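Undergrad: Okay, here's the structure, questions in a sec.
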Amino acid sequence: MTAEYPLPDLPAPPPDGGAVPALAIRGLAKRFGEKIAVNGISLDVPAGSFFGVVGPNGAGKTTTLSMATGLLRPDHGSAAVQGVDVWKRPIEAKRLLGILPDGVRLFDRLTGEQLVTYAGLLHGMDRGTVAARVADLMAAMDLVKDAGTLVVDYSAGMTKKIGLASALIHAPRVLVLDEPFESVDPVSAANIRSILDGYVASGGTVIVSSHVMDLVQRMCDRVAVVAGGRLLAAGTIDEVRDGASLEERFVELVGGRHTTEGLEWLRTS
Amino acid sequence: MVAHLLRLKLTLLRNGLRRSPWQLVGIVIGALYAVGIVVTLVVGLVMLRQADIALAQTIIVLSGSAAVLGWALIPVVLSSVDLTLDPSRFTTYAIPMPQMLVGLALGGLIGIPGAVTALTSLGTVATWSHGVLPAAGALVGAVLGTMTCIVIARVTTSATAGLASSRKFKDVSGVIAFIPLMLLGPIGVGVTQGISSSAGFLPVLAQALSWSPLGAAWSVGGDLAAGNAGAAALKFMLACVYLAVFVWAWKGLLARALVTPAYSGGSTKRGRKLGFFGLLPATPAGAVTARALTYWFRDPRYGGSLVVIPLLAVVLFFQSVQNGGSGSLVIMGPLTAFLMAWSISADISYDNTAFALHLSTGVSGRADRLGRALACLILSLPLVAFFVVFPFVMSGDWGWLPGILGLSCGLLLTGLGLSSVVSARYNIAVPLPGDSPFKKPPGNAAQTMLVQFGGMLVLVVLALPELALIIAQSVTGDAVFGWINLVVGPILGLALFVTGIRIGGRWLDRRGPEMLAELGVNR
């Protein structure tokens, strides 16, 4: 099927000189009925980078990341994790990948601890390793107190954190996190960020999607701007923002900003 | 403002219908059913005009009281009160309380139950059209009675809202509410016997109820027709007072609800208890088994299908006792095997998008299938064994045991194999995670029916050898067929079980992402 689709536009060699990119996306496209959600996106995420994918609501971020991680079959194009094709060799690719999807339920009748254990065991890890890592992860996510609470009774932020813990349990090489900081409190967000920074420093690759530009500018070293199912810009943060702030540049690229005229009645004076 | 609330309700109703033509079909069928009920009841009420006034009064007061009681209790137990005009959604708008009350109360009339109640109660005007005064009294009573119904439903639901928003209550009440429904037969028999033996009691009961909040409004017309103007006036005033009290209580509860956000905080629990995950082998299939077993105990949607089995046993037990013998009880074993095996035929649909975890961890389809089937098998074996043996303990005649045991084993294993294939291939409309097990699920009802009936048909075909042997035994009366069944059932069942796991696993490996995409539709 689509997995055999020829690579349409082979990109220039990766910037850091021939190393295999952590995630290589080639011409991914997806159509839902009449609506084209993703319209041919190609992207290289170099190994060891902290990569941000930004775009307005409905830009195709989630669809692109789902296709790149084996959760949604693309109509066209391919994706490879460290050179392993996600759609041709899914088992190997998924061993390298840690995924936090957005807008997906969890097995929420399990306790937090059971859920992370479950994810570890599904990866085929042995009981001792799973138990040790679960304990570490629960501590790192500030969830020790609630380890025995059912996930269904968690707050939105805690649910994100337990999802992240499930994605980390098998020590993946590449982490793909869709909106990881949504409704996470500032303290936990800072903790998670330091975990991710340490992970990147040790050679891992993190890809986060977000529409909070400030966060991406502070946290990531590379960024891709997606809108209307297309890639508008990609590169290091400094290349993309080109002197301006990322938010200004983003608004300029995406468009749709209109000057605030009207609403005179709202002014209090 | 009142008109706005009513228009909002109508708009919500219309937009709901616009979402899918099937919803329209559903509501049309519901409406036809309701029209049928209303017509029957109204015709009955009109005919009651010819009847003795005392008899008519007894019937109307009793059924009216039952209606009020139903409005008070059913929404609480089913926790299915119509939330389209949930007061807590209006907190951010400054709507004056009196207008809000009137708007919500009238909004309650829009919809099938409200319309049925209103139209039927207007039918009592025809019953009491002996003169202008009784008819007018009946009209006033009907309006008061209908309003009492609507307001009392609001009172009981707001009073129990705190309770109903707690997850545990929802889980438990959803299942418990189903029990009386299942036992409707035996209960009905008991009640009819009780009534026929004490028919003289009913007028007394109606008389008493006519002074209570349940029946006061409904008795005004009858009392006027009987010439008791004094009693009628008194009951009219009582009905008004009762209604006022209910409105006042509702207002108080509403005022409280508007400032207290729904919050269901659970106590925090430290971990270190892995449950089934600590007991079963630390393999992917073992983990899936542990997860599925945990869900059988924690998710009411699974428990709901379990509760049916003892209830069926009770129903069959009653039946066999009434017929004098335990003949029909024998089918309990095979029936349990069938129900248990078929209960996981929508297992992935029950997961909903949580299935993404299986996909993202890359667990093999075969481990997924095997784990789920084993969890069901672990629970089913003792249950099926009990229901196979129990009828024979009752009757003391063990001649049929080998045959029934073989058939039950065959059905259980074959069914699990088939379920493993069906649930890997078809997405079926089931209640969403967290919903009541008996809530009407969203999604494609037609495909669900087709898959369910088609699957059961295939199961019958696959289990034909065992069924044929049972038929052969009952025709010839030869116990040898039973012993053959005891051998054939498990062997054939096991073969089909393994085949089912294999085919289902392969299907899931190939179509996992497509399955997830289908599941995402019914989020």
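Undergrad: Hey, got the Cα dimensions of segment B:204-257 along the principal axes, in Å, largest first?
TA: Extents along the principal axes, in whole Å: 44, 20, 11.
Undergrad: Hey, another quick one. When all alpha-carbon pairs of segment A:34-183 are counted, what percent fall beyond 24 Å? Before the final figure, lay out each step's value.
TA: Numbers: 4004 of 11175 pairs.
That tail contains 36 percent of the Cα-Cα pairs.
Undergrad: Ok, one more. Using modelled backbone amide H atoms (1.01 Å from N, in-plane), which distant-in-sequence or interchain residues come within less than 5 Å of A:ARG31's amide H?
TA: A:ALA37, A:ASP75
Undergrad: Extending each Cα 7 Å along its Cβ direction at B:ARG7 and B:HIS130, get the distance between those two points in nm, one decimal.
TA: So the label points at B:ARG7 and B:HIS130 sit 4.6 nm apart.
Undergrad: Let me know the volume per residue of the alpha-carbon convex hull for chain A, in Å³.
TA: On the way: hull volume 46.1 nm³, N = 269.
Taking only Cα atoms, chain A has a hull volume of 172 Å³ per residue.
Undergrad: Another question about this same structure. Normalised by the residues of chain A, what does the relative contact order come to in percent, with Cα pairs under 8 Å and at least six apart?
TA: Numbers: 495 pairs, mean separation 63.3, N = 269.
Across chain A, relative contact order equals 24 percent.
Undergrad: Suppose a student asked you for the relative contact order of segment B:276-521, using Cα pairs under 8 Å spaced at least 6 residues apart; what percent would you report?
TA: Details: 359 pairs, mean separation 66.4, N = 246.
Here the relative contact order equals 27 percent.
Undergrad: Something else about it: 7 Å from Cα along Cα→Cβ at both B:VAL43 and B:VAL480: what's the point-to-point distance in nm?
TA: According to this spin-label approximation, the distance is 6.0 nm.
Undergrad: Kindly state, to the nearest 0.05, the FRET efficiency for A:LYS88 paired with B:VAL393, given R0 = 51 Å and r defined as their beta-carbon distance.
TA: On the way: r = 59 Å, r/R0 = 1.15.
The value I calculate is 0.30.
Undergrad: Taking every pair of alpha-carbon atoms in segment B:276-521, what share in percent sits in each 10 Å bin, from 0 to the bin with the longest distance?
TA: All Cα pairs considered, the percentages come to 8, 30, 35, 19, 7, 1.
Undergrad: I would also like to ask the following. Viscosity 1.567 mPa s, temperature 4 °C: what is the translational diffusion coefficient of segment B:326-393 from Stokes-Einstein with a Kirkwood Rh over Cα pairs, rounded to a whole number of µm²/s?
TA: For the chosen part, D equals 94 µm²/s.
Undergrad: Ranked by Cβ crowding within 10 angstrom, fewest neighbours first, how are A:HIS123, B:HIS358, B:HIS130 ordered?
TA: Values: A:HIS123 20, B:HIS358 27, B:HIS130 15.
Taking fewest neighbouring Cβ atoms as first place, the list is B:HIS130, A:HIS123, B:HIS358.
Undergrad: Something else about it: As a quick test, which of the pairs A:LYS160/B:LYS9; A:LYS35/A:LYS94; A:LYS61/A:LYS145; A:LYS30/A:LYS161; A:LYS61/A:LYS94 have an alpha carbon distance above 31 angstrom in this structure?
TA: Working: A:LYS160/B:LYS9 35 Å; A:LYS35/A:LYS94 29 Å; A:LYS61/A:LYS145 34 Å; A:LYS30/A:LYS161 29 Å; A:LYS61/A:LYS94 20 Å.
Violating the 31 Å limit, Cα to Cα: A:LYS160/B:LYS9; A:LYS61/A:LYS145.
Undergrad: Pull out the extension gain between B:ALA66 and B:LEU311, defined as 0.36 nm times the separation in residues minus the alpha carbon to alpha carbon distance; nm, one decimal. Please report the intermediate quantities before stating the final value.
TA: Details: separation 245, 0.36 × 245 = 88.20 nm, distance 2.55 nm.
Extra length available between B:ALA66 and B:LEU311 comes to 85.7 nm.
Undergrad: Let me ask you something else. Using Cβ counts within 10 Å as a stand-in for footprinting exposure, how do B:SER219, A:SER78, B:SER320 rank, fewest first? If you can, show how the numbers build up before the last one.
TA: Working: B:SER219 32, A:SER78 24, B:SER320 19.
With the fewest neighbours first, B:SER219, A:SER78, B:SER320 line up as B:SER320, A:SER78, B:SER219.
Undergrad: Based only on other Cβ atoms within 10 Å, what is the fewest-to-most ordering of B:ILE404, A:ILE91, B:ILE484? Each step should come with its number before you reach the end.
TA: Details: B:ILE404 26, A:ILE91 13, B:ILE484 19.
The order, fewest Cβ neighbours first, is A:ILE91, B:ILE484, B:ILE404.
The numbers here are math on the coordinates, done by the rules we state, and not lab data. This one's a predicted model, so the numbers in the text were calculated from it and none came from an experiment. So basically every Cβ, Gly included, is an ideal-geometry build from the backbone, and we count neighbours across all protein chains shown.
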